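Each remark here refers to the structure printed beneath this line.
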Amino acid sequence: MTSSHARGATRANPAATDVGSALRDVLDASLHYVNGKLEQKIDRWAGQLDEYEATRGPVEQAGYEGAKAKLQGRNPIWPAIKGAWAGADRNRKVAAVLVLVLFLVLAPVPTLLLVLGVLIAALVKAIQAADR
């Protein structure tokens with residue numbers, strides 16, 4: 001040995017680790033590993049959900065959007081309508097627009113008939129009341 005080693009240099013002790021810090025390190029590493037695995041699973045599930053969402057029909061999409069809005073605390077009616085519209089093919093959209101236009105054009109006729117029916121019923125009741 002040289003004199004420098006004997007006099008001023010101290011021998012390096014191995015890193016003192018107790019069982020608690022070693023367990024904390026193992027626990028930290030295992031939590032990091034599990035977190036990474038869960039993140040991968042969630043990403044894969046989200047991708048599968050997106051793929052499923054793209055292939056759904058109007059009924060499934062309406063239900064999905066309505067349920068999602070309800071879980072978020074919103075009114076589910078309008079998101080369900082928008083989901084059904086987004087999931088419908090071109091022919092169904094054309095048919096829905098034609099039915100709506102037809103309803104708007106013909107709606108005054110049943111309303112007029114209803115008003116006339118109420119007026120006739122009131123007239124009959126008035127005549128019956130006058131006869132008594």
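Would you mind classifying the chain by shape? Square roots of the alpha carbon gyration tensor eigenvalues, ordered a ≥ b ≥ c; an a/c under 1.5 is rounded, otherwise it is prolate if a/b is larger than b/c and oblate if not.
Prolate, because a/c is 1.5 or more and a/b exceeds b/c.
Once fully extended, how much extra length lies between residue 70 and residue 95, figured as 0.36 nm per residue of separation less the alpha-carbon to alpha-carbon distance?
6.2 nm
Whole-Hz ³J(HN,Hα) for each residue in the range 111-128, computed from phi via Karplus 6.51 cos²θ - 1.76 cosθ + 1.60 with θ = phi - 60°, x for glycine and proline: what do you get?
Karplus-based 3J(HN,Hα) across the range 111-128 equals 5, 5, 5, 5, 5, 5, x, 5, 5, 5, 5, 5, 5, 5, 5, 5, 5, 5 Hz.
What FRET efficiency, computed as 1/(1 + (r/R0)^6) with R0 = 30 Å and r the Cβ-Cβ distance, is obtained for residue 85 and residue 45, rounded to the nearest 0.05?
Taking R0 as 30 Å, the efficiency between residue 85 and residue 45 is 0.65.
Per residue of the range 32-38, in order, report the coupling 6.51 cos²θ - 1.76 cosθ + 1.60 (Karplus, θ = phi - 60°) as ³J(HN,Hα) in whole Hz, putting x for Gly and Pro.
Using θ = phi - 60°, the values come out as 5, 5, 5, 4, x, 5, 5 Hz.
By the gyration tensor of its Cα atoms, with a ≥ b ≥ c the square roots of the eigenvalues, what is the shape of the range 26-72: rounded for a/c under 1.5, prolate for a/b over b/c, or oblate?
oblate
List, in order, the whole-Hz ³J(HN,Hα) value for each residue of the range 74-82 obtained from phi through the Karplus relation with A = 6.51, B = -1.76, C = 1.60 and θ = phi - 60°; use x for Gly and Pro.
The phi angles translate into 9, 5, x, 5, 5, x, 5, 5, 5 Hz.
None of the figures in this text is laboratory data; all of them are computed from the coordinates on show. Computed from a predicted model, the values in this text were never measured in an experiment. No Cβ is skipped: glycine too gets one built from the backbone with ideal geometry, and neighbour counts run over all protein chains shown.
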